[in-house]
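Everything below concerns the one structure shown next.
No value in this document is a laboratory result; all are computed from the given coordinates. Remember, predicted model here, so these are calculated numbers, not experimental data. In this analysis, Cβ positions are derived from the backbone assuming ideal geometry, glycine residues included, and neighbour counts consider all displayed protein chains.
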Amino acid sequence: MVLLTGARLGEGSSTGWAQGGVAAALGPDDSPSLHARDTIAAGAGLVDEAAAHLLAEAGPAEIEALYALGAPFEREADGSWALSREAAHSRARVARVKGDQAGAGILAALIEAVQAAPHIEIREGWRAAGLIPDEQGGCAGVTAFDAGGARHDLLASDTVLATGSLCGLYGVTTTPASSQGQALAWAARLGAVIQDPEFVQFHPTAIDVGRDPAPLATEALRGEGATLIDAKGHRFLRGVHSQAELAPRDVVARAVHRQVKTGRGAYLDARAAVGDEFPERFPAVFAACRAAGIDPRVAPIPVAPAAHYHMGGVATDTEGFTGVPGLWAVGECASTGVHGANRLASNSLLEGLVFGRRAAEALANAPQRTLKPVAADPAPELPGEALGALRAAMAMQAGVERDGAGLARLLELIDTLEAACGEADALIAARFVAAGASMRTESRGGHFRSDHPSDSAVAAHTRLTLAEARAVHPHIPPLAEPAE
Ligand code: SIN
């Protein structure tokens, strides 16, 4: 049975919004071992190498399987796959759909296949609200509300979490606003370990036109030669990294963040690289620009970083098992260790495909458990005003650059909101990010501490239970006394 977080199948999922495509070693100059090598390098010392090799090896077959299901990946005139180049990939290896429509094209094909499968029951309009604990430890199913608001406790021997991101907890995000780390809260309540929650990836080129969520300008534009310039037309990445605009995503995001913060401005200039071909080659970005009154054929696009992807999540093995009997997690809400501290562009859809398949295969052989469900009510919802305060504080204190004092203030706000509103799922997920970021007194990949700008010699994962995250209470330094 498939339960949804949106009203219709596919609604509220980040997959449908993905622009770039799916990374896979499909080119004649490429190989899975090169793809794994780039994945491991981007992850800044924290990638599980065995998981990265599994991911890269399985990539080409996943593209073939999706294509056979009807996902319209582009091909060149000679029949080979059309491949885009994205940052920190040593080869062009991103299989794309209609320029920047990969997520929508893949999702449409998958939805059609799911709807046609007689063994899959879809509860559209139902909203999953929490997990049912089992008396013997473990998960006994899901509590959900139907379209009319009636509660149902659905017992299941095995439950798979695939709720996506937590970036909706940030004031500026490229993901659906409903992506608020529900899986982290639900799994942690049943005793699951949350791994590397502090590693949030900020996309450097969200279109900065005041929309929430912010529309994305895909990295494939930079792969085509679009440049990042300041208000005076100067390419500011040139002095920052040898790969300039195609430097790893965290490097580009920090450079754009500093431009915006210091008022020098950041713009993506695709006039020379794409120009008049923009509407055909990047229709989603073109439409978002035109809706904001920008014509990217003749004007640079204002950009700013936005929370885009969560590398951390519910710790799982490479089959999606969380260690909690009956509970599995796949896709962005899981942490297999494949992304380490910094995900390589377009590895996210591939991760969902590869580890989703592995989980399904493992589940096909999982023995049925005898369930002893324990009555439990879903957590309270965070009221809109409190969520607004949390999102603003997450962006300010746990954003592209963090420091110990800001993270302590964030944890204090989470405590205050929890005392007022109860332990809402959004507060648990935010607490994991703040606790992990405050404990990691170094900078690595997507986590940059301005008070600890170097990495430490030994790369280590953060692994926290809910009790451990609740126990993190850093010291807030007093405000400096005004000078006499
Ligand atoms: C993009 O198209 O720039 C996003 C791709 C990704 O996040 O992997």
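Structural remarks
- Note on the chain: dipole from Cβ charges, positive end direction compared against G352, V94, G125; the farthest Cα belongs to V94.
- Difference of contour (0.36 nm per residue) and Cα-Cα distance, Y67 to E468: 139.9 nm
- Estimated from helical segments only, the mean residue ellipticity of the chain at 222 nm is -10000 deg cm²/dmol, where each DSSP H run of four or more residues counts as -39500 (n - 2.57).
- Size of charge dipole - the stretch 242-310 - debye, nearest 20, with Cβ of Lys, Arg +1 and Asp, Glu -1, no other charges: 340 debye
- Placing dummy labels 7 Å off each Cα toward the beta-carbon, the span from A273 to S90 is 2.2 nm.
- Size of charge dipole - the chain - debye, nearest 20, with Cβ of Lys, Arg +1 and Asp, Glu -1, no other charges: 740 debye
- Overall form of the stretch 351-484 per C-alpha gyration tensor (a/c, 1.5; a/b vs b/c): oblate
- Of the residues A7, L110, A50, the one whose Cα sits farthest towards the positive end of the charge dipole of the stretch 1-119 is A7 (charges of +1 on Lys and Arg Cβ, -1 on Asp and Glu Cβ, taken about the Cα centre).
- Percent of alpha-carbon pairs separated by more than 40 Å within the chain: 17 percent
- Distance between the C-alpha centres of the stretch 244-259 and the stretch 1-73: 23 Å, rounded to the whole angstrom.
- About the centre of its Cα atoms, the stretch 244-376 shows a dipole size close to 380 debye [charges on the beta carbon of Lys, Arg (+1) and Asp, Glu (-1) only; nearest 20 debye].
- Loop GluC sites (Glu not before Pro), the stretch 93-134 (other Cβ atoms within 10 Å of the site Cβ: 14 or fewer; DSSP): E121
- Sparsely packed trypsin sites (Lys or Arg not before Pro) within the stretch 40-113, loop by DSSP, other Cβ within 10 Å at most 16: K98
- Label-to-label distance, nm, for residues given as E49 and A392 (7 Å Cα→Cβ offset): 4.8 nm
- Given R0 = 60 Å, the distance between the Cβ atoms of D295 and D377 translates into a calculated FRET efficiency of 0.70.
- For the stretch 292-381, applying the loop criterion from DSSP together with a ceiling of 14 other beta carbons within 10 Å to the GluC sites (Glu not before Pro) yields E381.
- FRET efficiency, E442 to E385 (Cβ-Cβ, R0 30 Å, nearest 0.05): 0.30
- Rounded Å value of the spacing that divides the Cα centres of the stretch 333-409 and the stretch 119-165: 17 Å
- Distance-filtered residues of the stretch 109-147 - backbone nitrogen under 12 Å, label point 7 angstrom along R369 Cα→Cβ: 132-142
- For the stretch 1-86, a/c is not less than 1.5, where a ≥ b ≥ c are the root eigenvalues of the C-alpha gyration tensor, and a/b does not top b/c. That puts it in the oblate class.
- Length gained when the stretch R258-R235 is fully extended (0.36 nm per residue, less Cα-Cα span): 6.9 nm
- With each label modelled as a point 7 angstrom along the Cα→C-beta vector, the H152-E76 pair spans 5.0 nm.
- For the chain, with +1 on Lys and Arg beta carbons and -1 on Asp and Glu, the positive-most of A41, C421, P373 along the dipole: A41
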